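For reference, the structure discussed in these notes is given below.
The values are calculated or read from the model by the stated rules, or taken from the named source; none is laboratory data. These numbers come from a predicted model, not from an experiment. Don't worry about glycine lacking a Cβ; one is built from the backbone with ideal geometry, like all the others, and counts go over all protein chains shown. Each accessible area value is taken on the protein alone, full model and side chains, heavy atoms only, with ligands, DNA and RNA left out. Shrake-Rupley method; radii C 1.70, N 1.55, O 1.52, S 1.80 Å.
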Amino acid sequence: MKEFLKKHIYKLLIISLVFNLIGFLYVAKKIYYIKLYASNDFVSNQYVSILNYDSLPADAEIDKTFLLNTLVEKFDYNSYLEIGQGKAENNFNRIKCKIRIGVDPEPSCNAAYCLTSDDFFKLNKSTFDLIFVDGLHHKDQVYRDIINSLNCLNKNGTIVVHDCNPENEATQIVPQKEEIWTGDVWKAWVKLRSEKNDVEMFVLNTNGCGIIRVGEQKTIIVPDSLTYRYLSENRDYLLNLKSANDFLIYLKKN
Ligand SMILES: C[S@@+](CC[C@H](N)C(=O)[O-])C[C@H]1O[C@@H](n2cnc3c(N)ncnc32)[C@H](O)[C@@H]1O
(Lines give C-alpha, C1' and ligand atoms only; values in the text may rest on other atoms or scores of the structure.)
Protein backbone atom coordinates (compact mmCIF):
# COMPACT_ATOMS: atom_id res chain seq x y z
CA MET A 1 0.00 0.00 0.00
CA LYS A 2 2.80 2.40 1.02
CA GLU A 3 4.66 1.58 -2.18
CA PHE A 4 1.54 2.20 -4.20
CA LEU A 5 0.94 5.56 -2.51
CA LYS A 6 4.57 6.63 -3.04
CA LYS A 7 4.38 5.74 -6.71
CA HIS A 8 1.03 7.34 -7.44
CA ILE A 9 0.88 10.17 -4.91
CA TYR A 10 1.05 12.91 -7.58
CA LYS A 11 -1.61 11.29 -9.71
CA LEU A 12 -3.88 10.94 -6.65
CA LEU A 13 -3.27 14.56 -5.69
CA ILE A 14 -4.14 15.78 -9.19
CA ILE A 15 -7.31 13.64 -9.31
CA SER A 16 -8.46 14.94 -5.91
CA LEU A 17 -7.67 18.53 -6.98
CA VAL A 18 -9.76 18.11 -10.15
CA PHE A 19 -12.70 16.69 -8.17
CA ASN A 20 -12.49 19.52 -5.65
CA LEU A 21 -12.41 22.09 -8.43
CA ILE A 22 -15.49 20.54 -10.12
CA GLY A 23 -17.32 20.53 -6.77
CA PHE A 24 -16.36 24.13 -6.14
CA LEU A 25 -17.53 25.25 -9.60
CA TYR A 26 -20.82 23.37 -9.17
CA VAL A 27 -21.54 25.03 -5.82
CA ALA A 28 -20.46 28.46 -7.15
CA LYS A 29 -22.81 28.10 -10.14
CA LYS A 30 -25.71 27.15 -7.84
CA ILE A 31 -25.03 30.13 -5.57
CA TYR A 32 -24.82 32.42 -8.61
CA TYR A 33 -28.24 31.31 -9.90
CA ILE A 34 -29.87 31.42 -6.47
CA LYS A 35 -28.59 35.01 -6.08
CA LEU A 36 -29.69 35.91 -9.60
CA TYR A 37 -33.12 34.54 -8.94
CA ALA A 38 -33.39 36.27 -5.56
CA SER A 39 -32.37 39.57 -7.16
CA ASN A 40 -35.30 39.14 -9.54
CA ASP A 41 -32.89 39.84 -12.35
CA PHE A 42 -33.21 36.47 -13.96
CA VAL A 43 -36.16 37.48 -16.10
CA SER A 44 -34.33 40.42 -17.59
CA ASN A 45 -31.19 38.36 -18.09
CA GLN A 46 -32.40 36.89 -21.34
CA TYR A 47 -29.24 34.92 -21.97
CA VAL A 48 -29.84 32.69 -18.96
CA SER A 49 -31.96 29.58 -19.41
CA ILE A 50 -34.53 28.30 -16.91
CA LEU A 51 -32.81 24.91 -17.21
CA ASN A 52 -30.33 26.21 -14.64
CA TYR A 53 -33.02 26.01 -11.96
CA ASP A 54 -34.16 22.92 -10.06
CA SER A 55 -37.65 24.34 -9.61
CA LEU A 56 -39.53 27.59 -10.15
CA PRO A 57 -42.22 29.30 -8.08
CA ALA A 58 -45.74 28.91 -9.55
CA ASP A 59 -45.90 32.62 -10.36
CA ALA A 60 -42.39 32.90 -11.86
CA GLU A 61 -42.36 35.14 -14.89
CA ILE A 62 -40.69 33.93 -18.04
CA ASP A 63 -39.98 36.68 -20.54
CA LYS A 64 -40.51 35.68 -24.22
CA THR A 65 -36.79 36.08 -25.08
CA PHE A 66 -35.85 34.07 -22.01
CA LEU A 67 -38.29 31.35 -23.10
CA LEU A 68 -36.99 31.27 -26.69
CA ASN A 69 -33.36 31.06 -25.53
CA THR A 70 -34.27 28.29 -23.09
CA LEU A 71 -35.65 26.28 -26.03
CA VAL A 72 -32.51 27.01 -28.08
CA GLU A 73 -30.33 25.70 -25.25
CA LYS A 74 -32.49 22.70 -24.43
CA PHE A 75 -32.80 21.39 -28.00
CA ASP A 76 -29.54 22.77 -29.38
CA TYR A 77 -31.34 24.77 -32.05
CA ASN A 78 -29.49 26.42 -34.95
CA SER A 79 -32.13 28.18 -37.00
CA TYR A 80 -34.76 30.72 -35.92
CA LEU A 81 -37.59 32.40 -37.81
CA GLU A 82 -39.49 35.36 -36.36
CA ILE A 83 -42.81 36.29 -37.96
CA GLY A 84 -43.40 39.94 -37.04
CA GLN A 85 -39.83 40.87 -36.17
CA GLY A 86 -40.59 44.39 -34.97
CA LYS A 87 -37.58 46.30 -33.57
CA ALA A 88 -34.73 43.80 -33.72
CA GLU A 89 -33.13 44.96 -30.48
CA ASN A 90 -36.25 44.06 -28.46
CA ASN A 91 -36.05 40.33 -29.11
CA PHE A 92 -34.71 39.18 -32.49
CA ASN A 93 -31.05 40.20 -31.97
CA ARG A 94 -31.01 38.46 -28.57
CA ILE A 95 -31.86 34.98 -29.81
CA LYS A 96 -28.79 32.76 -29.53
CA CYS A 97 -29.22 30.93 -32.87
CA LYS A 98 -26.59 30.87 -35.61
CA ILE A 99 -29.20 31.43 -38.32
CA ARG A 100 -31.87 34.07 -37.68
CA ILE A 101 -34.45 35.18 -40.21
CA GLY A 102 -36.87 38.04 -39.57
CA VAL A 103 -40.08 38.82 -41.47
CA ASP A 104 -41.91 42.13 -41.14
CA PRO A 105 -43.67 44.24 -43.80
CA GLU A 106 -42.93 47.45 -41.89
CA PRO A 107 -39.85 48.99 -43.64
CA SER A 108 -38.54 50.68 -40.46
CA CYS A 109 -38.02 47.21 -38.91
CA ASN A 110 -35.28 46.42 -41.46
CA ALA A 111 -36.20 42.75 -41.48
CA ALA A 112 -34.37 40.39 -43.85
CA TYR A 113 -37.77 39.86 -45.49
CA CYS A 114 -39.76 43.10 -45.68
CA LEU A 115 -42.92 41.17 -46.56
CA THR A 116 -46.17 40.00 -45.02
CA SER A 117 -45.92 36.50 -43.57
CA ASP A 118 -48.23 35.17 -46.33
CA ASP A 119 -45.87 36.48 -49.04
CA PHE A 120 -42.84 35.17 -47.15
CA PHE A 121 -44.24 31.64 -46.84
CA LYS A 122 -45.13 31.61 -50.56
CA LEU A 123 -41.48 32.00 -51.51
CA ASN A 124 -39.76 30.31 -48.55
CA LYS A 125 -37.89 27.04 -49.15
CA SER A 126 -35.95 26.86 -45.85
CA THR A 127 -36.86 24.93 -42.74
CA PHE A 128 -36.36 26.08 -39.13
CA ASP A 129 -35.80 24.66 -35.64
CA LEU A 130 -37.62 27.42 -33.81
CA ILE A 131 -40.38 29.71 -35.12
CA PHE A 132 -41.82 32.64 -33.19
CA VAL A 133 -45.27 33.66 -34.47
CA ASP A 134 -45.73 37.30 -33.46
CA GLY A 135 -47.01 39.10 -36.59
CA LEU A 136 -50.53 40.36 -37.23
CA HIS A 137 -52.59 39.32 -34.16
CA HIS A 138 -55.82 38.51 -36.04
CA LYS A 139 -57.20 34.99 -35.69
CA ASP A 140 -57.25 34.03 -39.40
CA GLN A 141 -53.75 35.39 -39.95
CA VAL A 142 -52.36 33.64 -36.86
CA TYR A 143 -54.04 30.40 -37.93
CA ARG A 144 -52.35 30.61 -41.37
CA ASP A 145 -49.01 31.57 -39.78
CA ILE A 146 -49.12 28.48 -37.55
CA ILE A 147 -50.12 26.09 -40.37
CA ASN A 148 -47.40 27.54 -42.63
CA SER A 149 -44.89 27.31 -39.77
CA LEU A 150 -45.73 23.64 -39.19
CA ASN A 151 -44.97 23.02 -42.87
CA CYS A 152 -41.42 24.35 -42.54
CA LEU A 153 -40.59 23.13 -39.02
CA ASN A 154 -37.61 20.80 -38.60
CA LYS A 155 -37.95 17.48 -36.78
CA ASN A 156 -37.92 18.14 -33.03
CA GLY A 157 -38.65 21.81 -33.75
CA THR A 158 -40.86 24.17 -31.71
CA ILE A 159 -43.32 26.92 -32.60
CA VAL A 160 -43.91 29.65 -30.01
CA VAL A 161 -47.05 31.76 -30.44
CA HIS A 162 -47.19 35.10 -28.64
CA ASP A 163 -50.23 36.53 -26.80
CA CYS A 164 -52.48 33.44 -26.55
CA ASN A 165 -53.93 34.29 -23.11
CA PRO A 166 -55.66 37.72 -22.96
CA GLU A 167 -56.17 39.04 -19.41
CA ASN A 168 -59.48 40.73 -20.13
CA GLU A 169 -62.04 41.26 -22.87
CA ALA A 170 -60.83 44.69 -24.00
CA THR A 171 -57.26 43.55 -24.74
CA GLN A 172 -58.42 40.99 -27.30
CA ILE A 173 -60.91 43.07 -29.31
CA VAL A 174 -60.18 43.37 -33.04
CA PRO A 175 -59.57 45.99 -34.35
CA GLN A 176 -57.16 47.17 -31.66
CA LYS A 177 -58.56 49.68 -29.17
CA GLU A 178 -56.33 49.25 -26.09
CA GLU A 179 -52.63 50.02 -25.92
CA ILE A 180 -51.89 46.64 -24.35
CA TRP A 181 -53.33 44.33 -26.97
CA THR A 182 -53.16 40.60 -27.63
CA GLY A 183 -55.66 40.53 -30.49
CA ASP A 184 -57.75 37.38 -30.88
CA VAL A 185 -54.76 35.04 -31.24
CA TRP A 186 -56.52 32.79 -28.70
CA LYS A 187 -59.26 31.96 -31.23
CA ALA A 188 -56.70 30.58 -33.71
CA TRP A 189 -55.15 28.61 -30.84
CA VAL A 190 -58.49 27.10 -29.76
CA LYS A 191 -59.39 26.22 -33.38
CA LEU A 192 -56.12 24.30 -33.73
CA ARG A 193 -56.70 22.58 -30.38
CA SER A 194 -60.02 21.36 -31.79
CA GLU A 195 -58.57 20.19 -35.13
CA LYS A 196 -55.07 18.81 -34.78
CA ASN A 197 -54.28 15.61 -32.93
CA ASP A 198 -50.75 15.29 -34.35
CA VAL A 199 -49.20 18.07 -32.25
CA GLU A 200 -48.91 18.87 -28.56
CA MET A 201 -50.01 22.36 -27.52
CA PHE A 202 -49.94 24.20 -24.23
CA VAL A 203 -49.85 27.82 -23.07
CA LEU A 204 -47.59 29.10 -20.30
CA ASN A 205 -49.86 30.79 -17.77
CA THR A 206 -47.03 33.08 -16.77
CA ASN A 207 -46.60 34.90 -20.10
CA GLY A 208 -49.34 33.72 -22.46
CA CYS A 209 -46.87 32.14 -24.91
CA GLY A 210 -48.22 29.05 -26.66
CA ILE A 211 -45.89 26.14 -27.38
CA ILE A 212 -46.49 23.76 -30.29
CA ARG A 213 -44.40 20.65 -30.98
CA VAL A 214 -45.03 17.60 -33.11
CA GLY A 215 -46.62 14.98 -30.86
CA GLU A 216 -50.16 14.16 -29.91
CA GLN A 217 -53.11 15.73 -28.12
CA LYS A 218 -56.73 14.85 -27.53
CA THR A 219 -58.66 17.34 -29.63
CA ILE A 220 -61.20 19.47 -27.76
CA ILE A 221 -64.81 20.14 -28.69
CA VAL A 222 -65.74 23.82 -29.04
CA PRO A 223 -68.71 25.82 -30.36
CA ASP A 224 -68.53 27.40 -33.84
CA SER A 225 -68.70 30.89 -32.46
CA LEU A 226 -66.12 31.70 -29.77
CA THR A 227 -66.84 34.46 -27.26
CA TYR A 228 -64.57 35.96 -24.63
CA ARG A 229 -67.01 34.82 -21.96
CA TYR A 230 -66.57 31.24 -23.13
CA LEU A 231 -62.79 31.66 -22.89
CA SER A 232 -62.91 33.11 -19.38
CA GLU A 233 -65.14 30.25 -18.18
CA ASN A 234 -63.05 27.50 -19.82
CA ARG A 235 -59.56 29.00 -19.99
CA ASP A 236 -57.65 25.98 -18.76
CA TYR A 237 -59.49 23.49 -20.97
CA LEU A 238 -59.28 25.65 -24.11
CA LEU A 239 -55.69 26.82 -23.83
CA ASN A 240 -54.18 23.90 -21.88
CA LEU A 241 -52.37 26.08 -19.37
CA LYS A 242 -49.05 25.06 -17.81
CA SER A 243 -47.25 26.75 -14.92
CA ALA A 244 -43.61 27.81 -15.19
CA ASN A 245 -42.56 24.95 -12.93
CA ASP A 246 -44.57 22.35 -14.89
CA PHE A 247 -42.86 23.66 -18.02
CA LEU A 248 -39.46 23.21 -16.38
CA ILE A 249 -40.39 19.62 -15.44
CA TYR A 250 -41.60 19.05 -19.03
CA LEU A 251 -38.30 20.31 -20.46
CA LYS A 252 -36.21 18.17 -18.10
CA LYS A 253 -38.25 15.08 -19.08
CA ASN A 254 -38.00 15.62 -22.87
C1 LIG B 1 -46.02 42.74 -31.71
S2 LIG B 1 -45.02 43.33 -32.97
C3 LIG B 1 -43.67 42.23 -32.98
C4 LIG B 1 -42.75 42.33 -31.81
C5 LIG B 1 -41.49 41.51 -31.92
N6 LIG B 1 -41.76 40.14 -32.32
C7 LIG B 1 -40.77 41.49 -30.60
O8 LIG B 1 -40.79 40.46 -29.90
O9 LIG B 1 -40.17 42.50 -30.24
C10 LIG B 1 -45.90 42.79 -34.41
C11 LIG B 1 -45.17 43.04 -35.71
O12 LIG B 1 -45.89 42.34 -36.73
C13 LIG B 1 -45.73 43.07 -37.91
N14 LIG B 1 -46.77 42.67 -38.86
C15 LIG B 1 -47.98 43.24 -39.10
N16 LIG B 1 -48.62 42.56 -40.07
C17 LIG B 1 -47.82 41.53 -40.44
C18 LIG B 1 -47.94 40.49 -41.38
N19 LIG B 1 -49.02 40.35 -42.14
N20 LIG B 1 -46.90 39.60 -41.50
C21 LIG B 1 -45.81 39.74 -40.72
N22 LIG B 1 -45.64 40.70 -39.80
C23 LIG B 1 -46.64 41.59 -39.66
C24 LIG B 1 -45.82 44.53 -37.49
O25 LIG B 1 -45.20 45.38 -38.40
C26 LIG B 1 -45.12 44.49 -36.12
O27 LIG B 1 -43.78 44.90 -36.23
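Between amide H atoms placed 1.01 Å from N, distances below 5 Å from Lys242 occur with Val203, Leu204, Asn205, all of them 5 or more places distant or on a separate chain. If a paramagnetic tag sat 7 Å from the Cα of Asn90 along the Cα-Cβ line, which residues of segment 134-152 would have the backbone N under 16 Å from that point? It comes to 134-138, nothing else. Report summary: the helix-based calculation at 222 nm, which adds -39500 (n - 2.57) for every DSSP H run with n ≥ 4 and divides by the residues of the chain, gives -12500 deg cm²/dmol. Ligands, DNA and RNA aside, Glu106 has an accessible area near 90 Å² when probed at 1.4 Å. Here segment 84-176 was treated as a single set of alpha-carbon atoms; its pair distances binned every 5 Å from 0 give 3, 12, 22, 25, 22, 10, 5, 1 percent. Out of the total accessible area of the chain (probe 1.4 Å, heavy atoms of protein only), what percent is carbon and sulfur? Looking at the chain in its full context, I get 54 percent from C and S. R0 = 41 Å: FRET efficiency of Leu25 with Asp246, Cβ-based, nearest 0.05? It comes to 0.90.
Within the listed set Phe92, Phe121, Phe132, the residue fluctuating most in the Gaussian network model of the chain (springs between alpha-carbon atoms under 10 angstrom) is Phe121.
Phi angles of segment 63-69 translate, via the Karplus equation with coefficients 6.51, -1.76, 1.60 and θ = phi - 60°, into HN-Hα couplings of 5, 4, 5, 4, 5, 4, 5 Hz per residue; Gly and Pro are given as x. Computed with every protein chain present, the accessible area of Cys114 is close to 70 Å² [probe 1.4 Å].
When nucleic acids and ligands are ignored and a 1.4 Å probe is applied, Tyr113 ends up with an accessible area of around 80 Å². Applying the Kirkwood pairwise sum to the alpha-carbon positions of the chain produces a hydrodynamic radius of 20.1 angstrom. Remark: segment 152-157, residue by residue, has Karplus-estimated 3J(HN,Hα) of 10, 9, 5, 4, 6, x Hz, where x stands for each Gly or Pro and the curve is 6.51 cos²θ - 1.76 cosθ + 1.60 at θ = phi - 60°.
Couplings for segment 100-110, taken from phi via the Karplus curve 6.51 cos²θ - 1.76 cosθ + 1.60 with θ = phi - 60°, read 10, 10, x, 10, 6, x, 7, x, 5, 7, 6 Hz in order; Gly and Pro are left as x.
Close amide H contacts of Leu81 (hydrogens built in the peptide plane, cut-off under 5 Å, sequence separation of 5 or more or a different chain): Ile101, Leu130, Ile131, Phe132. Here's the list of lysines a cross-link from Lys187 could span, going by alpha-carbon distance under 21 Å and ignoring same-chain residues fewer than 8 apart: Lys64, Lys139, Lys177, Lys196, Lys218, Lys242. Computed from the C-beta positions of Glu216 and Asp76, the FRET efficiency with R₀ = 30 Å rounds to 0.80.
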